[in-house]
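Data block below; observations after.
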Amino acid sequence: MNRTKLTFAALAVAMVLAACQGTETETPPQKPNILFAIMDDATYMHMSAYGCAFVNTPNFDRVAKNGILFKNAYTPNAKCSPSRSCILTGRNSWQLEQAANHWPYFPEKFKVFTEVLAENGYAVASTGKGWAPGIATRADGSKRNLMVNTFSEIKTTPPTSKISNVDYAANFTAFLDQKGEEPFFFWYGGLEPHRAYEYGSGIAKGGKQLAMVKDSDVFDFWPAVDSVKTDLLDYAFEIEYFDKQLGKMLDTLEARGQLSNTLVVITADNGMPFPRVKGQEYEYSNHLPLAVMWADGIANRGRKIDDYISFIDFAPTFLELAEVPEGAAGMQAIAGRSFTDILYSEKDGQVDPRRDYVMIGKERHDIGRPNDWGYPIRGLVKDGKLYLHNFETDRWPGGNPETGYLNCDGGATKSVVLNTVFNPDVARYWQMSFGKRPQDEFYDIANDPDCMENLALSEAHREMMTSMKNDLFGRLKEQGDPRMFGNGALFDQYTYSDKKGVNFYERYFNGEDVGWGWVNATDFQDLSGVKLPEASMD
């Protein structure tokens, strides 16, 4: 029985009791407000609620303690624009045509849940980063704001030169002041902890110490050196800034008496902006933080949930809570599934045994390969295992060396890892982040979350891997993935909406002064004459 039916049944009983006792009944619960808070580039484990010691997130933790902490939430595509496209449409990226890519023209045909909520009695707006980067227009060519309204005009003085000057909390307050009496959906899109960072800011301005990052906090595919640890502390400082802004929003709602009927959802769009994470499809790339709080609606608060949640599940969940009638949304068919059953459940751990997998993948992300090619991957996470299929193994996963590995943001850790290629003793670090890969990868992420040991060629795991591959490809065919029907090249043919990115590789080698804003000048590598390490995953 769904919650709406339960609510009316309970209300009917209460009315009978009230008639007998001569007392007044309580009004039925209202449609909830929704505050959707999304960080820009943060891996799940780097919230203190998940046990991280060098990041302090009291407001994320508050939501988890008074709501639900999800232990297995995944984005289908670990890059800003396609991840946000999946959230807004409830569809996997391979179902979104151009929106499968980073920096696309968003197809006019795909309606998004924010637009639907605005048509069904909700005040809808955002602050900071909404759907981006890319261009969305209507059929007549006019600009289309997928967030409906934007409140980012109020500015502040940020603690570093690299943190956004948008006063997120003040803009949220301005929205509340103007919205009227209707319920709201508000998207708090922090631009943190996206790069660039002010190097050393975590120590100089965040009050952190290098000793806070243990060697065990550094993933096995990076060297555990001081510059990497400093980079991690800068990343932590920016997460904490996002969290403080969130805290101000929660306090504002509480002061106005609106917090108890507000569904607060906190997550991130993709993993941390470090080598072998953001823009890839490994465990730390797609596995993201998720905490949800709603005093009026969540049963048995403080639970930790093992069910696999995909970002395509947000749209149907929000639409159900807003009581948008089935078929009235006007959206393309949603592939996700509402998780209101988890909100209303009393259970810890696994609530729905059918939620035992998520599908992931990618197409073209950032620029820098010949012919504007991407690096296509499809994958399946299931029962603590990860299967990945690399379709074009002759291409460079992180982008071409000669154009700066542009699918990896510049920073201290990237510089450290790139320099290892010149030293055979540590060149394995370069290989794991930037080297070419075999077609099949298979990992026991329950025991090997760093994805260090590829089990694809292990006889003991071959049957399980083959089963997961067949399961993945079968589901992709059901969803109409062009890759399954020999039409995958069309993803490379879609044009970048950022004109500076079109034919970047060819223009760069023709001597044009093409700019790049997210890498360092030292990232460009000439590997001629360099003995590359053997592919550790073959």
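The values are calculated or read from the model by the stated rules, or taken from the named source; none is laboratory data. Quantities reported herein were computed from a predicted structural model and do not represent experimental measurements. Every residue, glycine as well, gets a Cβ built from its backbone with ideal geometry; the counts of neighbours run over all protein chains shown.
So that you can scan it fast, the table gives a plain yes or no per residue for (1) over 23 Å from Tyr197 (Cα atoms); (2) more than 24 Å from the chain's Cα centre (by Cα):
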site	(1), (2)
Gly128	no, no
Ala139	yes, yes
Tyr168	no, no
Phe175	yes, yes
Gln178	yes, yes
Phe184	yes, no
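Among the residues of the stretch 307-361, count how many are farther than 28 Å from Asn390 by Cβ, part of a helix (DSSP H, G or I) and of a type in the set (Val, Ile, Thr).
Within the stretch 307-361, residues that are farther than 28 Å from Asn390 by Cβ, part of a helix (DSSP H, G or I) and of a type in the set (Val, Ile, Thr) number 3.
Hey, could you check the stretch 517-538 for residues that are at pLDDT below 90, surrounded by fewer than 14 Cβ atoms within 10 Å (Cβ to Cβ) and of a type outside the set (A, V, I, L, M, F, W, C) and say which is farthest from Trp430 (Cα to Cα)?
Gly517
Results for (1) assigned to a helix (DSSP H, G or I); (2) of a type in the set (A, V, I, L, M); (3) touching a Pro at 6+ places or on another chain (Cβ under 8 Å), shown as yes or no for each residue.
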| position | (1), (2), (3) |
| --- | --- |
| Ala460 | yes, yes, no |
| Lys469 | yes, no, no |
| Arg475 | yes, no, no |
| Asn487 | no, no, no |
| Asp492 | yes, no, no |
| Arg507 | yes, no, no |
| Gly511 | no, no, no |
| Gly517 | no, no, no |
| Asp526 | no, no, yes |
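Does the stretch 218-240 contain at least one residue that is closer than 19 Å to Ser48 by Cβ and in a loop (DSSP other than H, G, I, E, B)?
Yes: the stretch 218-240 contains one or more residues that are closer than 19 Å to Ser48 by Cβ and in a loop (DSSP other than H, G, I, E, B).
Is there a residue being polar (S, T, N, Q), assigned by TED's automatic domain parsing to the domain that holds Lys179 and at pLDDT below 95 anywhere in the stretch 296-317?
Scanning the stretch 296-317, I find at least one residue that is polar (S, T, N, Q), assigned by TED's automatic domain parsing to the domain that holds Lys179 and at pLDDT below 95, so the answer is yes.
If I ask for residues that are touching a residue at least 40 places away in the same chain (Cβ under 8 Å) and in contact with an Asp or Glu (Cβ under 7 Å, 6 or more places away or on another chain), which ones from the stretch 240-270 would you list?
Across the stretch 240-270, the qualifying residues are Tyr241, Phe242, Asn261, Ala268, Asp269, Asn270.
Within the stretch 277-287, is even one residue part of a loop (DSSP other than H, G, I, E, B), of a type in the set (S, T, N, Q) and touching an Asp or Glu at 6+ places or on another chain (Cβ under 6 Å)?
So far as the stretch 277-287 goes, no, none of its residues is part of a loop (DSSP other than H, G, I, E, B), of a type in the set (S, T, N, Q) and touching an Asp or Glu at 6+ places or on another chain (Cβ under 6 Å).
Quick one: would you say Asp440 is under 28 Å from Glu402 (Cβ atoms) and surrounded by fewer than 15 Cβ atoms within 10 Å (Cβ to Cβ)?
Against the criterion (under 28 Å from Glu402 (Cβ atoms) and surrounded by fewer than 15 Cβ atoms within 10 Å (Cβ to Cβ)), Asp440 does not qualify.
In the set Lys304, Lys382, which member is surrounded by fewer than 15 Cβ atoms within 10 Å (Cβ to Cβ), of a type in the set (Lys, Arg) and farther than 30 Å from Tyr496 by Cβ?
After applying the criteria, what remains is Lys304.
Among the residues of the stretch 126-143, which ones are more than 21 Å from Leu35 (Cα to Cα) and crowded, with 18+ Cβ neighbours inside 10 Å?
Passing the criteria: Gly134, Ala136.
May I ask you to say which residue of Val502, Val514 is over 25 Å from the mean Cα position of the chain (by Cα), surrounded by 15 or more Cβ atoms within 10 Å (Cβ to Cβ), under 18 Å from Asn407 (Cβ atoms) and at pLDDT below 95?
Matching residue, one of Val502, Val514: Val514.
Every residue in the stretch 48-68 that is crowded, with 20+ Cβ neighbours inside 10 Å and without any contact (Cβ under 8 Å) to a residue 40 or more places away in the chain, please.
Of everything in the stretch 48-68, nothing turns out to be crowded, with 20+ Cβ neighbours inside 10 Å and without any contact (Cβ under 8 Å) to a residue 40 or more places away in the chain.
Which condition number in (1) buried (at least 16 other Cβ atoms within 10 Å of the Cβ); (2) at positive phi is the one that Cys408 fails?
The one condition Cys408 does not meet is (2).
If I ask for residues that are within 28 Å of Thr230 (Cβ to Cβ), surrounded by fewer than 20 Cβ atoms within 10 Å (Cβ to Cβ) and in contact (Cβ under 8 Å) with a residue 12 or more places away in the chain, which ones from the stretch 161-190 would you list?
Correct list: Ser161, Lys162.
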